[in-house]
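Report on the structure given below.
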Amino acid sequence: MAQGQVADDRDSSPAVKKTNKLYSVCMYILVVEMCERLCYYTIFMTMVNYLEDAGCQYTESRHSCRGASPSFALRSSFRMLAYVCPVFGGYLADNCFGRYKTILWFTIAYVIGVAMMAVGAVPGIIDTGAGPAIYLTGAFAFTAIGTGAIKPNVVNFGADQYDVSCPIELKQQKSYFSYFYMVINIGSVFASIWTASLATGDVSRKGPGTGFVKSFTIAAAAMGLALLAFVAGTPKYSEYSRRAVKRSPMVSIIRRHLTQAASEGFHGKVSLLGLILIPFYLLVTLIGSLVGEHQPAFLQVGTADGISLCSAIAFVLCTVSCACLIMVHKNNDWVKPLMGEQVRGAITTEEVKTALRVIPTIMCINVGFNVGYNGMDIYGAAACQMDVRVPDVEWLRQVFLVPQGQFNGNFFSLGNNFSIITAIPLLEGYLLPAIERSRGAVSRKSKYTAGFLLIILANMLGVVIELVRRQRPFIPCPTDLLTSTTCGNYTRAADPSALWLLSQCSPGGSLPMSDMSGWWTFIPYFVTGCGEVLVNPVLQEFAFDEVAPRLRSLMMGFTLVAMGCTPSVITAIFAGFVPSDMNHGPVIWCYIANNIVSVVLLIAYYFIAIPDRDPSAPLLLPHGAEEEEGSVIDRAA
């Protein structure tokens, strides 16, 4: 039976099949994924603010509970864990529960985690040690694991609805990855516009207020709605996507291939070293973020906490691991059939090779692009020391849920969402088809290159904006706010006794706004999104298309690890240069370091890139290896 084809629909009309597909794909993505992304980005965008503002009582001399560097490190670890768990989620879906049940059970865990985070933000709890403890338990033990486990299965579950024996639907499936990426960004728009600003809307020098609990409650409700929508759509999903999976030895077989190669030569040893180092550098990064300020650090400049010992160790391990995997898997002819007794139903040597040969591209493109992409973390923090005031129109402030009239700096990440939502239909509907008609198909390499150039440009724009911001004066406190908590002194100002308008999304709501609109950060956010649509969804389609069907969720999980975890380990060392006060620290060097990593890995990709293959052709053996019985994988089988 063709992949994604529903057995009960074989005698049905094309119109019925199309209706079922429209419901199962569109309803699932539009409702479930938009709610999930709203929830995730509400948490992610506000995590640094929460950690800086929760867990202590403010005094005249203390306006932040944690510094920016440890807060950024904890958020990086949260993202890292959320992108580690896709490997386990992919394995469980491919080899234990199937995609449907894996998504269902871990969505329930997701809902529990966000509800706990809302409890940790309740007034009376948030300003005690119990608040951050409950919040971090919900974030790390439930939410990160829940979102991580469903990540590799969400995108594949939607792709499984297509009948690839039909040439039209096969072509639609390739475009699906880009449109899926577009829709999840629609969900994050709601977080940027409403819930992120709502979270910091009550922050003042007196405390964090009620904004966080309101924001997290909305996120928990959205995730509950996602769970209900997913269950409601069950009867319409294709039988293929809901099928029970047969347990097939896969991870153990891949391990046996590599250990056998390691016993016979150098390549296997290098591959094992690269893979074994991954959990080690992730664990060191996680430990470093939890230990926080209680570890040695060096290169401390201004209000930045400097490079911590754990982040430095993790960076070295990560660099060695990436170099090993990129170099050794460029050619996998050294992977030989297993000696001795074969395991019945296990994946074949050629299936193993399809997984291994995509690793270098996954590492170069994911790490190189997403280190630069993480510059968005800095744009939001920089905007929080710019003019983030909402126009003084009462109904407008009510619409944006900001009664005190200030956006959160992450509001301007709308530039990223806007560019993705507009660029994908433009690319898929007009630009790419026009290029294909005149010059032939656009290669993945061309898309990656354009995306990298755009992310480098975005980081350079971040440098320019920060240089200009530092030259701008602070905004004096308006006369009608002289007695409010949004005005205060700033000891580093030329006149320490003057009253300045303070930004609520700055640490503890204690730093003045520079007289420069936060809307300037919309520009690098927008450029980042333009690059993103040319890289991340294209790479996900690459991982789905080039890997044997029985290993797709597992390798999609590996792709997400390389997308979210490995870049976070690298940027964790750069986070040591992110100051609590942008007026006093070397944040510009973070942008420059991002670009250096992007350039190096783009160049590396050009040396290891594998050519695009004809999507209508069977998934043939890599590198011309001789066929084993049953090792040619027909994508429509």
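What follows draws every value from the coordinates through simple rules; no lab data is involved. These figures come from a predicted structure and were not determined experimentally. Every residue, glycine among them, receives a Cβ derived from its backbone with ideal geometry; neighbour counts consider all protein chains shown.
Details
- Theoretical gain in end-to-end length, Asp480 to Lys171 [0.36 nm per residue, Cα-Cα removed]: 105.2 nm
- Placing a label point 7 Å from the Cα of Arg243 along the Cα-to-Cβ direction, the residues of segment 86-101 whose backbone N falls under 19 Å of that point are 90-101.
- The spread of Cα positions in segment 221-283, taken along each principal axis and listed from longest to shortest, comes to 53, 30, 13 Å.
- Per-peptide packing, taken as the mean over residues of other Cβ atoms within 10 Å, places 441-447, 102-108 in the sequence 102-108, 441-447 from highest down.
- Likely footprinting exposure, Cys56, Cys96, Cys590, fewest C-beta neighbours within 10 Å first: Cys96, Cys56, Cys590
- Projected label distance in nm at Trp519 and Ser263, using a 7 Å step from Cα toward the beta-carbon: 6.8 nm
- Look at Asp127, Asp333 and count the other Cβ atoms within 10 Å of each Cβ; fewest to most, that gives Asp333, Asp127.
- The overall shape of segment 516-589 is oblate: from the C-alpha gyration tensor, with semi-axes ordered a ≥ b ≥ c, the ratio a/c is 1.5 or greater and a/b is no larger than b/c.
- Amide H to amide H, with H built 1.01 Å from N, Asp387 comes under 5 Å of Ser514, Met516, Ser517, Gly518, counting only residues 5 or more places away or on other chains.
- Cα gyration tensor category, rounded, prolate or oblate, for segment 285-411 with a/c compared to 1.5: prolate
- Between Tyr430 and Ala493, the distance separating the two model label sites (each 7 Å from Cα on the Cα→Cβ line) works out to 4.8 nm.
- Option label - log10 I(q)/I(0) by the Debye sum over Cα atoms at q = 0.06, 0.07, 0.12 Å⁻¹ computed here, alternatives (1) -0.57, -0.69, -1.24; (2) -0.38, -0.51, -1.33; (3) -0.32, -0.44, -1.25: (3)
- Packing rank of 111-124, 81-94, 505-518, where each peptide gets the mean count of other beta carbons within 10 Å, highest leading: 81-94, 505-518, 111-124
- Unit Cα scatterers, Debye sum, segment 382-508: log10 I(q)/I(0) for q = 0.11, 0.21 Å⁻¹: -0.61, -1.29
- Protection proxy ranking of 264-270, 572-578 - average other beta-carbon atoms within 10 Å, highest first: 572-578, 264-270
- Separation in nanometres of the label points that stand 7 Å from Cα toward Cβ, at Ala450 and Ala323: 3.4 nm
- For segment 177-244 and segment 113-158, distance of Cα centres in Å: 12 Å
- Cα gyration tensor shape of segment 472-618, rounded if a/c is under 1.5, else prolate or oblate by comparing a/b with b/c: prolate
- Once the chain from Leu228 to His584 is taken as fully extended at 0.36 nm per residue, the excess over their C-alpha distance is 123.4 nm.
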